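The values are calculated or read from the model by the stated rules, or taken from the named source; none is laboratory data. Small disclaimer: the values here were computed from a predicted structure and weren't measured. Positions of Cβ are generated from backbone atoms using ideal geometry, with glycine treated the same way; all protein chains shown enter the neighbour counts.
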There are 2 protein chains.
Amino acid sequence: MAMMACFDPGDEILIPEPFYANYNGFAAMGGVVLRPFTTLIEENFALPAVEDLAGAVGPRTRAIMICNPNNPTGTLYTRQELAGLAALAKAHDLFLIADEVYREFVYDGLEHDSILSLEGMEDHAVVVESTSKMYSACGARIGALITRNRELMGTVLKYAQARLSPPTLDQAGALSALLHTGRDYFDGVRSEYVARRNTMVQALNALPGVQCPLPGGAFYAVARLPIDDSDAFCQWMLEHHRHEGATVMMAPATGFYATPGLGKQEVRLAYVLDQESLVRAMDCLATGLEAYNARG
Amino acid sequence: MAMMACFDPGDEILIPEPFYANYNGFAAMGGVVLRPFTTLIEENFALPAVEDLAGAVGPRTRAIMICNPNNPTGTLYTRQELAGLAALAKAHDLFLIADEVYREFVYDGLEHDSILSLEGMEDHAVVVESTSKMYSACGARIGALITRNRELMGTVLKYAQARLSPPTLDQAGALSALLHTGRDYFDGVRSEYVARRNTMVQALNALPGVQCPLPGGAFYAVARLPIDDSDAFCQWMLEHHRHEGATVMMAPATGFYATPGLGKQEVRLAYVLDQESLVRAMDCLATGLEAYNARG
């Protein structure tokens, strides 16, 4: 609905890549063009300086879009980075759309800053929220679009009315989750995910030729592997590699980059398994990398 | 998804009016233009002869779309009418899209003919189906798009994958409804709706100046009333008229016509109440019409 309501066909969105691949589909539905600017694994996928980003604003640019914490990189943006985007949005009258579905998943004592907390952004800030991510309720199709821009909300409401209602039973489930989970629920979730993240990222960086920055949020990490082609490697792992009777399914990072050719040495890993399984998975990946690179 | 997958922006759909108003929203999302051809209450909203319809096919026409049985009119199309549309679709290489969500709601011993049963329509026929209508489960967001056209289904699948999944809990509810309701369930539903329909339509036609054809299906009827402006009348009923402490909410037919000015004397009524309530509603409408037309 954000893609439909904020834009006319042909309008453009500036977005850091790698980005969640499904944005492509929703942009296509609205006839909107995603203009990527590349963030680098060597910089933990931090945003570029605002001065550099300003040059990317073109005549059809209507928005900047981020996912914070980020899918696929797990990067948590700093308040300074967000303030820079806000300044750019105000200077060029752009929407700043933030997918904040992982906002409770932030670690190491860091705080998540919602773009809704940025000053003077009442007409610019659009937040997207999801029950399924917040409560590990895959398939719950309950979400929210949040903005203080009344004109935009009026337009979004037309799309919502065409849809008639969100699913009834999932609404009941979401309500129950909201009513019966307090802060302590997320404290428990966070400590578990920190342990998983540390286990996985430490194991990754211990492998020869592997580089994985420590993500500040979400439950994803992007790792650079000593491989030639992440699509081929991920497929090969599924089809040909078994370690203790199991393999590891990863997402090739190529699908998260809009610029052709990028991501060929990177994969996205989701640390959504218990620690013991993650340890086994890293052993499996280690043997997989050896075997893959030793092929004839 | 049908509106997105079958068309490019600017493509046109021929559609009998009055039609379900929400099609407008979905067409707008896809940049598709709905080209209405008018059906008449005097003819129980029957489709025009194929020869007359052929003249409406233009260079951007890509589909014919119907709702059968119809919302808002309750009209059940005959096999002959459907065969005519199929011939037209084949002759001009058009999709024939049928919203068949009310297919179990057909009365008087008539049979519902799905466009999927028409010969030679494998590449043209697209059916839309809904659990919420079938099982009176308002808010269940579980539906289906059905076609034998593999290329189209491949495109639809991309939209489905962007959506990731239908809602989990509603899927469980829909599965239960499918597993635990046999033909006898719909027999019971049909006999109840026939009784409601007869009660309402007989009462309507007994009112001075009111005309309401007997609908063959769904649970709607469009009635012509002795009024000047259906929007004003429906609003007046809600704001100013009470009979035994209650009023009747109807949908002005103007919203179901794309041609400006049509439907000003018509309203859509849904016979989704028990018969006793319908009798009271018709008494309320009778007194409402008198009072409305007696205003100063």
Checklist entry - Which of (1) more than 14 Å from chain A (Cβ to nearest Cβ); (2) outside any loop (DSSP other than H, G, I, E, B); (3) in contact with a helix residue (DSSP H, G or I) (Cβ under 9 Å, 6 or more places away or on another chain) does B:MET29 not meet, given it meets every other one? => result (1)
Checklist entry - Quick one: which helices (runs of 4 or more DSSP H) sit completely within region A:131-183 and have at least 1 residues that are touching a Ser or Thr at 6+ places or on another chain (Cβ under 9 Å) and facing chain B (nearest Cβ under 8 Å)? => result A:168-180
Checklist entry - List pairs: first in region B:30-54 and assigned by TED's automatic domain parsing to the domain that holds B:GLU12, second of a type in the set (Asp, Glu), Cβ under 6 Å, 6+ apart or cross-chain? => result B:VAL32/B:ASP11; B:VAL33/B:GLU12; B:ARG35/B:GLU12; B:PRO36/B:GLU17; B:THR38/B:GLU17; B:LEU47/B:GLU81
Next on the checklist: Can you go through A:GLU51, A:GLU81, A:GLU42 and tell me which one is modelled with pLDDT under 95 and over 30 Å from B:MET1 (Cβ atoms)?
Outcome noted: A:GLU51
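Conditions tested, residue by residue: (1) among the β-branched types (Val, Ile, Thr); (2) buried (at least 22 other Cβ atoms within 10 Å of the Cβ); (3) over 15 Å from the mean Cα position of the chain (by Cα).
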{"position": "B:VAL57", "(1), (2), (3)": "yes, no, yes"}
{"position": "B:GLN80", "(1), (2), (3)": "no, no, yes"}
{"position": "B:HIS92", "(1), (2), (3)": "no, no, yes"}
{"position": "B:PHE95", "(1), (2), (3)": "no, yes, yes"}
{"position": "B:GLU104", "(1), (2), (3)": "no, no, no"}
{"position": "B:LEU116", "(1), (2), (3)": "no, no, yes"}
{"position": "B:GLU122", "(1), (2), (3)": "no, no, yes"}
{"position": "B:CYS138", "(1), (2), (3)": "no, no, yes"}
{"position": "B:GLY143", "(1), (2), (3)": "no, no, yes"}
Checklist entry - Can A:ALA91 be described as among the aliphatic types (A, V, I, L, M) and assigned to a strand (DSSP E or B)? => result no
Checklist entry - For region A:1-19, which residues satisfy the criterion of being part of a loop (DSSP other than H, G, I, E, B) and within 11 Å of chain B (Cβ to nearest Cβ)? => result A:MET1, A:ASP8, A:PRO9, A:GLY10
Checklist entry - Of the residues in region A:227-250, how many are buried (at least 18 other Cβ atoms within 10 Å of the Cβ), assigned to a loop (DSSP other than H, G, I, E, B) and of a type in the set (A, V, I, L, M)? => result 3
